[in-house]
Amino acid sequence: MQLSDRTTGLFLAGLGLAAAWGGSRLPAVPGQDVGPAAFPMLIGGGLIMCGVMIAFGIGHSFEVPDAEEGERHSTAYGLRALVPPGLLLFYVLAVERLGFMLTAAVIVATAAFALGAKPKLAVPLAIGAPIFVHAVFAKLLRVPLADGILPAFW
Amino acid sequence: MHDMLEAFRLVAAPDVLIAIVASAVYGLVVGSLPGLSATMATALLVPVTFYLSPIAAIATIITASAMAIFSGDIPGCLLRIPGTPASAAYTDEAYAMTRKGQAELALGAGLWFSAIGGIVGTISLVVMAPLLAEMALSFSTYEYFWLAFLGLMCATLVARSSPIKAIASMLLGLLFACIGMENPAGTPRFTFGMTDLLGGIEPIPALVGVFAVSEVMRAMVTPEPPKLPDRKFGSILKGQWGLTKKYQWPMWRGNIIGIIIGVLPGAGADMAAWVSYAMSKKWSKEPEKFGTGHVEGLVEAGASNNASLASGWVPALLFGIPGDTITAIAIGVLYMKGLNPGPTLFTERASSMYALYIIFVLANIIMIPLGILMIRMASKILRAPRSSVMPVIILLCAVGAFATGANLFSVLAVGFFGCVGYVMERNGYPVAALVLGIVMGSMVEQNFITSLIKSDGSPLPFVERPVSAVLASLTLGALLWPAGVWVFNRLQARRAAA
């Protein structure tokens, strides 16, 4: 997700403005000049300054150009980057109902297929990885992983 | 003496020894896989450390990071793809040696001088930390504020990016650290009515998101690295003693530079390797050989990156200020295990400190046999397709984040910070500065607000004490340095044009 310096700079300036405004609305501590508002307002001010400077291209000359990351792809291809956070969101929504084993199997299989794995790799991985992770975290480390509709066989 | 014996007893505990060996193998494997950094290896270990004894937890962090930094040299040497950013500085040189048929010498140099660097770095930690601890006992909130601020500024100064973007990243991290009730007034800030945010943003999910999830996101849109052809290696350590004698000055210079850079808050192993490789080339008697497969740069930079790893623990243990991203994670683990960083750690928990030194030495010694084993198995491990590694990592991110507090909100936080890290890296914003901001936010604010209350709002006491005055000038120098460089470059360009 390559954005122009103007876009990111203005976003940061806006965020700084919101932080300073949000900070200024925090209640003061009775009997003290300095309260919880001071730090967010200071940070907000700094972000506004940095954001404006970035938007105007100040400091750009210090940047080291990135090594070429292979061929350029379409926006749709770039959206594949959203698969991992999407899978984490799926975990949050599904794990209580489906249970760890099934949710983890879906996550591993989806990620493997998204990375170009063939079924002969993705399917055993989707079966084996959840069993291994469950054994380590639930059995060994006692992390309470949800059973859901398919509890672990041990 | 009693503390030392107690330290040996702590390290000899079976759980600690198992943790050292297991994390060594884990660090070697993860570090050798292209794209998986030592920081990511360490971040993914944190949920496991929750369930270990304090010494075993610290042992896993120390051992895994040291192994991963060395192991990053393996794909760099064999495939020209650095396993970790700390190996990037000399990847071309190592690969050129492989093409000349000297892969064993290059890999052996990486292993041998990494181990030496790690041990020298540990000696610096043993010598420096107690001396500085005595000095730090007299520090007030003013000094701590400037020290923390200096740490943040150093992180922005050494970033290979625009200093403005680095400062913006750091401020963003500080802003994230403002979320919740953990501020001097105990007022809920930026929680938007969400109870999950009242406790603030935990550094661990943020670290896992920024370093691990963003890496999986990047893997989704970049082509798979080439496969390593199957090959057999000759003797790995053959000729290393000769190299040690021949290049002893570059080796010592690399160790010292690594130690200095490690102690600087925010500057880590990758910066140490870049600086040392550049210095090696500058001071070499044979600079013309650099880039053609010359081992001298590997000797100096390989020693440097591992030396910085140990010395990076000096500010972390003394002040709770991370020397690099790995110690940023380690600080979280130290707090979690009741080993709160600070000068009193050296007096009240001396045996734990000695245990930490012993683990460092032990990790660097076992690095040699395990490293040789890893090099011999490299052609098998490096052939693992990315589509078999990354899905397991994303699963570990989810389970690991959940394990930190049995809370699904942490899993969401990991996904959110993954997106933040990915977008920032793609647009030239250094994520290390963001992480330091998150880790150090509450410390900076606590000391800043307490100092302001103590001084009745006056800025003068911030610079009245000698140490705080020196720290303040260093901080302002770090802040103004990029502006100075920019003005100088402009003047030079104008003079050249005229």
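Coordinate-derived values only; no laboratory data. All values derive from a computational prediction rather than experimental measurement. Cβ placement follows ideal geometry from the backbone for every residue including glycine, while neighbour counts extend to all protein chains displayed.
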Candidate aspartates and glutamates for bridging to A:Lys118, where Cα separation is under 15 Å - those fewer than 8 sequence places away on the same chain excluded: B:Glu224
Given a Förster distance of 51 Å, report the FRET efficiency between B:Lys100 and B:Asn407 from their Cβ-Cβ distance, rounded to the nearest 0.05. 0.45
Tilt relative to chain B, helix B:408-426 - C-alpha long axis, 0 to 90 degrees, to 10: 70 degrees
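Given Cα positions, please report Rg to Rh for region A:75-140, the hydrodynamic radius being the Kirkwood one.
Using only Cα positions, Rg/Rh for region A:75-140 is 1.01.
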Please state, rounded to one decimal and in Å, the Kirkwood hydrodynamic radius that region B:433-498 gives when every pair of distinct Cα atoms enters the mean of 1/r. 14.7 Å
Compute the length gained on full extension between B:Ser140 and B:Trp486: take 0.36 nm times their separation in residues and subtract their Cα-Cα distance, giving the result in nm to one decimal. 121.1 nm
Alpha carbons only, please: Rg and Dmax for chain B, in angstrom. 22.2, 72
What span do the alpha-carbon atoms of chain A cover on each of the three principal axes, reported in whole Å from largest to smallest? 60, 53, 23
Quick calc: nm separation of the 7 Å Cα→Cβ label points for B:Thr244 and A:Leu141 -> 3.7 nm
In whole percent, what relative contact order does chain A give with Cα contacts below 8 Å and a gap of six or more residues? 20 percent
Among the listed pairs B:Lys246/B:Lys289; B:Lys100/B:Lys238; A:Lys139/B:Lys337; B:Lys238/B:Lys380; B:Lys245/B:Lys285; A:Lys139/B:Lys380, give every one whose C-alpha distance is greater than 19 Å. A:Lys139/B:Lys337; B:Lys238/B:Lys380; A:Lys139/B:Lys380
Work out how much length A:Ile131 to A:Ala76 would gain on full extension: take 0.36 nm times their residue separation and subtract the Cα-Cα distance, in nm to one decimal. 16.5 nm
So how tilted is helix B:350-381 from the main axis of chain B? Cα-based, degrees 0 to 90, rounded to 10. 40 degrees
To two decimal places, what compactness ratio does region A:5-62 give when its Cα radius of gyration is scaled by 2.2 N^0.38 Å? 1.35
Can you run the Rg to Rh ratio on region B:110-265? Use alpha carbon positions and the Kirkwood inverse-distance Rh. 1.08
Could you check the simple spin-label distance between A:Trp21 and A:Lys120, using points 7 Å along Cα→Cβ, in nm with one decimal? 6.0 nm
Under 5 Å, built H, 5+ apart or other chain: amide partners of B:Arg189: B:Gly180, B:Met181
Using Cα-Cα distances under 8 Å and only pairs 6 or more residues apart, what relative contact order does chain B have, in percent? 27 percent
For the protein assembly as shown, with only Lys/Arg (+1) and Asp/Glu (-1) charged at the beta-carbon, what is the dipole magnitude about the Cα centre, in debye rounded to 20? 1580 debye
Mean residue ellipticity (222 nm) of chain A, computed from DSSP H runs ≥ 4 via -39,500 (n - 2.57), nearest 500: -19000 deg cm²/dmol
Given only helices, namely DSSP H runs of n ≥ 4 each adding -39500 (n - 2.57), what is the per-residue ellipticity at 222 nm of chain B, to the nearest 500 deg cm²/dmol? -24000 deg cm²/dmol
Calculate, in nm to one decimal, what B:Thr195 and B:Thr292 gain on full extension: separation in residues at 0.36 nm each, minus their alpha carbon distance. 29.0 nm
In degrees from 0 to 90, rounded to the nearest 10, what is the angle of the helix B:103-136 Cα long axis to the longest principal axis of chain B? 30 degrees
Cα centroid of region B:103-155 to Cα centroid of region B:323-345, whole Å: 14 Å
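Just how many % of Cα pairs in the protein assembly as shown lie over 36 Å apart, if you round to the nearest whole percent?
Tail of the P(r) past 36 Å holds 38 percent of the pairs.
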Quick one: if the Förster radius is 45 Å, what FRET efficiency do B:Ala12 and B:Val470 give, using the C-beta to C-beta distance and rounding to 0.05? 0.60
Cross-link partners of B:Lys232 among aspartates and glutamates (Cα-Cα below 14 Å; sequence separation of 8 or more within a chain): B:Glu104
B:Phe233-B:Lys282 FRET efficiency (beta carbon distance; Förster radius 30 Å; 0.05 resolution): 0.40
